[in-house]
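The values are calculated or read from the model by the stated rules, or taken from the named source; none is laboratory data. As the structure is a computational prediction, the values presented were derived from the model and not from experiment. Counting neighbours? That spans all protein chains shown, and the Cβs are built from the backbone with ideal geometry, glycine included.
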Amino acid sequence: MSAALLIDIILWGSVAAVGFIAFQRGPKVLKASLREGSMDFINIVPRIALGVIGSGYIAAVIPQEVITGWLGPNSGWVGVLAAVIAGAATPGGPVIGFSIGAVALKAGGGPPQVIAYVVAWALFAFQRLLLWEIPFMPARFVWFRAAVSIPFPFLAAAIAMAIGRP
Amino acid sequence: MITIGVLVAVSATLVWRRDGMKGVLEILAHDLTLFGGILPRVLAGCLLGAFIAEILPHEKVSRALGPNSGVKGLLIGAAFGAILPGGPFTAYPVASALLAVGADFGATIAMVVSWTLIGYGRAVAWELPIMGTDFTLWRIAISLPLPVLAGALGRFVYVRMYPKDEVE
């Protein structure tokens, strides 16, 4: 069984579980949340359509070599800073983000730089912020969260430098 | 929305100039497939968010995850983010629902950051196969303290930026 299928099963299982709890609270609660959820879905689909269908183009025009070039070995804190900027600038989904990380690691990138890259990408890749987080969440929260997250790739790199590779 | 639209249009034009119509269509076909695959999960995420917003008692949430919930609230948020199934299509609607029913920015930040750094969904599906087990486990171990720290920093900054919201 593939990981994606397993995740789908857990996902819909959770929906069924909370749906059942809502049903137990009475049909009115169930109906209200079904309507609410469907409205959210209808509102969000056009935004996601633009994002997902457009993201391939954004990824295609940003060359991956430029990003991996910044994560060079022995680049120290300058390399970490470059990694954080690269992580934020990396377009596309998890395949692209992790592939660039894997390439950088194989090409001799320092583990602290690569970890800073992966953590920065996870925390505030601009494309995910714009395409996923902003449509679903209040914009004020999104910018606030991204700003508060800025120190953490550096902290992760510092921890990585302190404890070393396994 | 407009920014993204412009960005996409400019990128598509660049691809078209570089690779011609064939390149444009190839990417379009790939992204359409991706979109079709994601759509049901987006629906699941929206329903999950709506149900959670409806069934969670507001007073309990604001006590457990509100501005005065302390480190415990941040830990609950982080744990919740780590076990939450699905991708961005679940995490953000659910986070939005939590905000709506009384969680504060700090606990919600802990949740979102935990989902993105520790959540097993992305790690199992993408990071393990691409980055390898050693790197993934090492990265997750290093990331463990970050969600609570991010939530604490968020809460610390929030009450100073928006002192009016600090009630109760």
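Looking at segment B:121-161 only, could you name the residues that are of a type in the set (Phe, Trp, Tyr) and at pLDDT below 80?
Once the filter is applied, which keeps residues that are of a type in the set (Phe, Trp, Tyr) and at pLDDT below 80, segment B:121-161 yields only B:126.
Tell me which of these residue B:51 doesn't satisfy, since it passes every other one: (1) more than 22 Å from residue B:158 (Cα to Cα); (2) in contact with a Lys or Arg (Cβ under 9 Å, 6 or more places away or on another chain); (3) facing chain A (nearest Cβ under 7 Å).
Every condition holds for residue B:51 apart from (2).
Which of the residues spanning segment A:75-98 are without any contact (Cβ under 8 Å) to a residue 24 or more places away in the chain and either touching a helix residue (DSSP H, G or I) at 6+ places or on another chain (Cβ under 7 Å) or under 19 Å from residue B:129 (Cα atoms) (or both)?
Of everything in segment A:75-98, those that are without any contact (Cβ under 8 Å) to a residue 24 or more places away in the chain and either touching a helix residue (DSSP H, G or I) at 6+ places or on another chain (Cβ under 7 Å) or under 19 Å from residue B:129 (Cα atoms) (or both) turn out to be A:94, A:95, A:98.
Among the candidates B:93, B:129, which residue alone is more than 8 Å from every other protein chain (Cβ to nearest Cβ) and part of a helix (DSSP H, G or I)?
Of B:93, B:129, the one residue that is more than 8 Å from every other protein chain (Cβ to nearest Cβ) and part of a helix (DSSP H, G or I) is B:129.
Just one of (1) within 23 Å of residue A:101 (Cβ to Cβ); (2) surrounded by fewer than 24 Cβ atoms within 10 Å (Cβ to Cβ); (3) among the acidic types (Asp, Glu) trips up residue B:127, so point out which.
Residue B:127 satisfies all of (1) within 23 Å of residue A:101 (Cβ to Cβ); (2) surrounded by fewer than 24 Cβ atoms within 10 Å (Cβ to Cβ); (3) among the acidic types (Asp, Glu) except (2).
I need the full set of residues from segment B:33-43 which are facing another protein chain (nearest Cβ under 7 Å) and either touching a Lys or Arg at 6+ places or on another chain (Cβ under 6 Å) or modelled with pLDDT under 85 (or both), in order please.
Matches in segment B:33-43: B:34, B:35, B:38, B:41, B:42.
Return the residues of segment A:72-112 that are surrounded by fewer than 21 Cβ atoms within 10 Å (Cβ to Cβ), in a helix (DSSP H, G or I) and more than 14 Å from chain B (Cβ to nearest Cβ); say none if nothing qualifies.
A:76, A:77, A:78, A:81, A:82, A:85
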